[in-house]
1. In square angstrom, rounded to the nearest 10, how much accessible surface does Ser202 have for a 1.4 Å probe?
2. Just the accessible area for Tyr193, please: 1.4 Å probe, Å², rounded to the nearest 10?
3. Please give the length that would be gained between Glu196 and Ile61 if that part of the chain were fully extended, namely 0.36 nm times their separation in residues minus their C-alpha to C-alpha distance (nm, one decimal).
4. Taking a label point 7 Å from the Cα of Gln233 along the Cα→Cβ vector, which residues of the range 185-206 have an amide N closer than 17 Å to it?
5. Evaluate the distance, in nm, between pseudo-label points positioned 7 Å from the Cα of Gln39 and of Ile20 along their respective Cα→Cβ axes.
6. Can you tell me how much longer the chain between Lys85 and Glu115 gets when fully stretched, taken as 0.36 nm per residue apart minus their C-alpha distance, in nm with one decimal?
7. Skipping prolines and chain starts, which residues have an amide H placed within reach, meaning under 5 Å, of the one on Gly190, given they are 5 or more residues away or on another chain?
8. Residue farthest toward the positive end of the dipole of the chain, with Cβ of Lys/Arg at +1 and Asp/Glu at -1: which of Leu31, Ser329, Phe77?
Amino acid sequence: MENRIKELTKDVETLKATTIEEVEELRIKYLGRKGLLQQLFIDFKKLPPDEKKIYGKSLNIFKQKVNSVIEALKDGFKEKEEYEKYAKLDLSLESPQENVGSRHPISIVKNIIIEHFARIGFTVSEGPEIVDDWHNFTALNFPADHPAKDMQDTFFIRQNPDVLLRTHTSSIQIQEMESKALPIRTISIGRVYRNETISYKSHVQFHQVEGLYVDKGVSFADLKQTLFYYVKQFFGDDYEVRFRPSYFPFTEPSAEMDIRPINSQKWMEILGCGMVDPNVLENCKIDSSKYTGFAFGMGIERMAMLKFGIEDIRTLYENDVRFLEQFTSEV
Ligand code: PHE
């Protein structure tokens, strides 16, 4: 038995094959059901127990050897096959057209806005879309009978106590002021909901960006400079800016900001802003005799429409690939 194993081991060590079919023949010869290894095991079974002890080990070593030699031969051919397959490819051919997705214009504009404000030290904050009355209205100084609280304007999920879909990202202002250490300099971004008639210029859902800066000595001049910077970054140099007095429950004084391309007569309203009302600061347990803040808010859809010349807000939600694939971005 020992001699047979030795001889066969020697044979196996010098096995060669020139084709994959030859490897298969060798595999059958050694490892097949009626192969040499099987034969050795049959003979082995007939040995008396004390000899089994001696030859069991060398038989197992031989078995491993045969297996690894056959596997190595197979691998050699696999590599060769792969190589030959690729060698036949013509790498100068054009590849088939791949359909690569593009970012949605709302995401593009959102990312651009984040980039501009991140550069002047604003963090990004988010919050839930379903909020209570406190975060959406009361803490923001809305009087109890304010028309915005009406079912006509707001989607209520439950009433008394009220739970609703946020109507503006100002709800995140409250969340931030209640939970973060001062100073706060953040832009809040997210989807908002209003019970409005859907038309080319308004929708029941859209996105807002809201800026908030609270610290000692923050002034309206800081607000104006921040917004001048933003308009310049977002629209370029060729725009004029004007502020109009306005009213929001949560800012005092309040303003709306318009822009106009130089050479144009037409002003376009782009955002609301103002100094955070002291009542709002106090509602968030911020000492309004020490701290002041400014806030501004704008619609991302409106920004996207102005930037890309989109005329109907509804096209932003139809997911028509022919529309969407026009937009490419770096961010
Ligand atoms: N929350 C206001 C809106 O939805 C926008 C705004 C934000 C105005 C912050 C002033 C300050 O219209």
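The values are calculated or read from the model by the stated rules, or taken from the named source; none is laboratory data. Predicted model, so just to flag it, every value in this text is computed and none were measured. We place every Cβ from the backbone using ideal geometry, glycine too, and count neighbours over all the protein chains shown. All accessible areas refer to the heavy atoms of the entire protein, side chains included, with ligands and DNA or RNA removed. Shrake-Rupley method; radii C 1.70, N 1.55, O 1.52, S 1.80 Å.
1. 20 Å²
2. About 40 Å², ignoring ligands and nucleic acids.
3. Gain in length upon complete extension: 40.5 nm.
4. What the label zone holds, given the 17 Å backbone N cut-off, is 185-190.
5. In this crude label model, Gln39 to Ile20 measures out at 2.9 nm.
6. 6.0 nm
7. Gln208
8. Selected residue: Leu31.
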